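The structure appears below as structure tokens.
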Amino acid sequence: MNLLGVKVCVLRFLDCGRGGLVRFECSNPSDFRIEANGVVYAARSLQRSTISVSPLLIKASDTVTQQQWVQEVAAPPVMVKDLKEIVFPSRNMDSQVKRMKRDWVIPPINVPENSRGPFPQELVRIRSDHDKNRSLRYSVTGPGADQPPTGIFIIDPISGELSVNKPLDREHISNFHLRAHAVDLNGNQVENPIDIVINVIDMNDNRPEFTNQIWNGTVPEGSKPGTFVMTVTSVDKDDPKTANGMLRYKILSQTPESPTSNMFTINNKTGGIITVAAGLDREKVPQYTLIIQATDMEGNPMYGLSNTATAVIRVTDINDNPPEFTAETFFGEVPENRVNVIVANLTVTDKDQPNTPAWNAVYKITGGDPTGRFSVPTDPITNEGLVTVVKPIDYEFSRTYVLTVEARNEATLARGIHSPRQSTATVSITVIDVNESPYFEPNPKLIKLEEGMMPESTLTTFTAQDPDRFMQQSIRYTKLSDPANWLSIDPNTGRITTIAILDRESPFVKNSLYNATFLASDSGVPPASGTGTLQIYLLDINDNAPKVFPQEAEICEKPEPNAINITALDGDLNPNAGPFAFELAHRPSDVRRNWTITRISGDYAQVSLKIGFLESGIYEIPIIITDSGNLPMSNTSYLRIKVCQCDINGDCTDQQHIMAAGLGTGAIISILLCIIILLILVLMFVVWMKRRDKERQAKQLLIDPEDDVRDNILKYDEEGGGEEDQDYDLSQLQQPDTMEPDAIKPVGIRRLDERPLHPEPQYPMRSAAPHPGDIGDFINEGLKAADNDPTAPPYDSLLVFDYEGSGSTAGSLSSLNSSSSGGDQDYDYLNDWGPRFRKLADMYGGSDD
């Protein structure tokens, strides 16, 4: 059996507290080698026959003290398993199936990882019993051989030696499953394939790794020993079933070492950190830093690999420090009658963590304020207590207040902690006297009077009180509100008298109640004032006569029943109002002859026709109505009744309404004013139109005959010249030459818009002799002839404006061609037009020079 690179044993040397380095030596270095960590390996391939029978000695030397130790190690036995022979059963003649018995029993092969070689390194020899009588070829298949990762294991096809070709890594692949084959030279299978399992033996080649390099935990201050803080964990890629992957934890250091250097301990297997000592105080040490070490090989400091991490433990605050006032007594002052005013600021100190329930202060008044006039809220930023006035303070009642205030935290104090004397303070508050407003008592003041009280009558005295007992001041009274202007008040005594008759039916009286407001002002500096309301309840008297309602009605001439229901309106209250008595007046006499009135109830009566027929029209019926007052009042009211013709349903058929029976004086005056204004506007417009026409006629008469444009050439910006320059030949403008007869045109060359060829009317011809005004006559005669011309086009047809007729002495305008050079044109005739055209003739008619 090949033992190359196999770990033979592990030497454990107890240093007994020695700190020196131990060096190992082997007595048989040709067969074995020993590492610095005490592990003994086979140095070459060993067979049972080649292993020395002498014992293996290991010598350990201390490099510092030079002390030596010798330990005898028994040589490891070489485990060689004999392969069983393959027995092929005889063929069964009755069956074509041939069973073969497996003749290889191969236990798992253990190969250490990270072997240093040399490679290839033989692991096992595979042989079949059939190789005695014939040549066989061996091969292996599976991951690591012919499957990825390939080339790790190889086999000698002739000898069957299975070897590893490179170092193995258990953390990458922990075992390999191969299958061995045996075939003859023809490739025929001579043995059933067998499975070979190769286990990679773990070596301690991986350090522990913490899952976090920095661990954060918290623990309340004042915690008892054994309080759990946190758990740190690390992992090791080595086999956890061996010592290579078994980790142990310990605390290497603690910073700061206060109050002791061992405030915490760690469970060496689980990594749980707990407290082991009392005395955690956040106000002294708010945070601890621990260096945690994790070591494999079950924590063996000599052979194990280790790694470290940092654990930061923050000590959390508890309310173990009560708030303490910075002074025993605080002072403040406040004007009387002021509310929501801060009187004093109470300051405290607290060693607990700021802005936490253990630091936030809560203030409570425990004495000196039985009526609850003060409160002490907390400023959320400064944590100060703000002594605030919440109810008015009266200087005349109390000039000073002494409050006892206690400060606490939002969180309750920790067990065993008590509030000291400094958590209570005294607040002395001085009240400042100010000028207060006078006040009426009672306010409002109610009095009851009968209406109709005459002017200059005294109603009552309405006075105010001055709360400033320690100030010598006088009070004056004025009227502030008197809607009906019925009252007056004495400025010194407050006596109220009437200046008009009190009327309960006034629109300023609501529900028989009249309100008036008065002002009382003192003589303080600055003066103060107060208002008071006087309510006068007016008792009703019978001072209003009843009136008929409704005042207008309609009734038919004939149909029955001809009746109208009426009632009465009285401004007074009962019993000065209804029931009412209704009767018709005695005059005019036809009222009682034509009408009758019947009482229905105490407040209603019925008016009806007494005769069978009454002519249509509007009638005013006088009705005498009497109320039920202690001194009854009567009134004659007129009921306007419209008697009309009715249809079969009893409805009036007349279109005229009672309101149209006549117009009032105001309506008639308004209509007349509108008519007068309208006539004035029309008259002004007519005058303006006539004046405008006169101005036009005057302008026409003022026109200078020389300004007449007829038969004249207008002069614009004349420069130089004399009378001879105005010797114009006006014959060209007054009358053209006699028109030549139209030439006969060939057929088919006439224009579409040209006038028809039938005989044209005889238009008038002007005489050759010039005559003033003959152009107007000529135009009028031509217009008459055109109106009678049947060949003239209508106004809505296409008109031809460029038709000049035949034989025009002026010639065609087409001769003024802008594109021509002008060299063929004779401009000498321009000399005959006067001195103004001679320059133009020289420019166009002259030679090229």
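What to note about this one:
- With respect to the conditions (1) open to solvent by 30 Å² or more (accessible area, probe 1.4 Å); (2) more than 30 Å from Gly368 (Cβ to Cβ), Val339 falls short on a single one, namely (2).
- Flag: Thr260 does not match the condition of being out of contact with any Ser or Thr (no Cβ under 9 Å at 6 or more places or on another chain), open to solvent by 50 Å² or more (accessible area, probe 1.4 Å), part of a strand (DSSP E or B) and not aliphatic (A, V, I, L, M).
- Pick from segment 175-186, criterion touching a strand residue (DSSP E or B) at 6+ places or on another chain (Cβ under 9 Å) and open to solvent by 50 Å² or more (accessible area, probe 1.4 Å), ranking: nearest to Ser135 (Cα to Cα): Leu185
- Out of Gln472, Gln465, sole residue that is open to solvent by 60 Å² or more (accessible area, probe 1.4 Å) and either out of contact with any Pro (no Cβ under 7 Å at 6 or more places or on another chain) or of a type in the set (Val, Ile, Thr) (or both): Gln472
- Contact map, segment 106-122: residues that are within 14 Å of Leu162 (Cβ to Cβ) paired with residues that are open to solvent by less than 70 Å² (accessible area, probe 1.4 Å) and charged (D, E, K, R), Cβ distance under 8 Å, separation 6+ or inter-chain. Pairs shown: Glu122/Glu161.
- Total residues in segment 365-403 satisfying the condition of being of a type in the set (Lys, Arg) and surrounded by fewer than 17 Cβ atoms within 10 Å (Cβ to Cβ): the figure is 2.
- Residue identified as among the hydrophobic types (A, V, I, L, M, F, W, C), open to solvent by 80 Å² or more (accessible area, probe 1.4 Å) and either at pLDDT below 85 or part of a loop (DSSP other than H, G, I, E, B) (or both) among Ile648, Ile611, Ile625: Ile648
- Screening Glu406 on (1) open to solvent by less than 70 Å² (accessible area, probe 1.4 Å); (2) in contact (Cβ under 8 Å) with a residue 24 or more places away in the chain; (3) assigned to a loop (DSSP other than H, G, I, E, B); (4) closer than 23 Å to Asp320 by Cβ shows it passes everything except condition (3).
- Put simply, of Asn492, Asn485 the only residue that is under 58 Å from the mean Cα position of the chain (by Cα), open to solvent by 60 Å² or more (accessible area, probe 1.4 Å) and touching a residue at least 12 places away in the same chain (Cβ under 8 Å) is Asn485.
- Answer residue from segment 436-462, given it is under 26 Å from Pro392 (Cα atoms) and touching a strand residue (DSSP E or B) at 6+ places or on another chain (Cβ under 7 Å) and is most open to solvent (accessible area, probe 1.4 Å) among those: Glu441
- Selection count where residues are surrounded by fewer than 18 Cβ atoms within 10 Å (Cβ to Cβ), in a loop (DSSP other than H, G, I, E, B) and in contact with a Pro (Cβ under 6 Å, 6 or more places away or on another chain), scope segment 535-586: 1
- Taking (1) in contact (Cβ under 8 Å) with a residue 60 or more places away in the chain; (2) out of contact with any Phe, Trp or Tyr (no Cβ under 8 Å at 6 or more places or on another chain); (3) within 25 Å of Leu631 (Cα to Cα) in turn, Ile564 satisfies each apart from (3).
- Verdict on Glu283 being outside any loop (DSSP other than H, G, I, E, B) and either surrounded by fewer than 16 Cβ atoms within 10 Å (Cβ to Cβ) or of a type in the set (D, E, K, R) (or both): no
- Flag for Thr426 being within 30 Å of Phe470 (Cβ to Cβ), touching a residue at least 60 places away in the same chain (Cβ under 8 Å), hydroxyl-bearing (Ser, Thr, Tyr) and open to solvent by less than 70 Å² (accessible area, probe 1.4 Å): yes
- Residue satisfying condition, being surrounded by 15 or more Cβ atoms within 10 Å (Cβ to Cβ), under 29 Å from Thr308 (Cβ atoms) and touching a residue at least 24 places away in the same chain (Cβ under 8 Å), within set Pro225, Pro208: Pro208
- Residues of segment 513-534 satisfying the condition of being surrounded by fewer than 18 Cβ atoms within 10 Å (Cβ to Cβ) and in contact with a Phe, Trp or Tyr (Cβ under 6 Å, 6 or more places away or on another chain): Leu513
- Condition met for Val334 (in contact with a Phe, Trp or Tyr (Cβ under 8 Å, 6 or more places away or on another chain) and more than 30 Å from Asn37 (Cα to Cα)): no
The values are calculated or read from the model by the stated rules, or taken from the named source; none is laboratory data. In this text the structure is predicted, and so the values were computed from the model without any measurement. Counting neighbours? That spans all protein chains shown, and the Cβs are built from the backbone with ideal geometry, glycine included. Accessible surface is based on the protein model in full, side chains and every heavy atom, while ligands, DNA and RNA are left aside. Shrake-Rupley method; radii C 1.70, N 1.55, O 1.52, S 1.80 Å.
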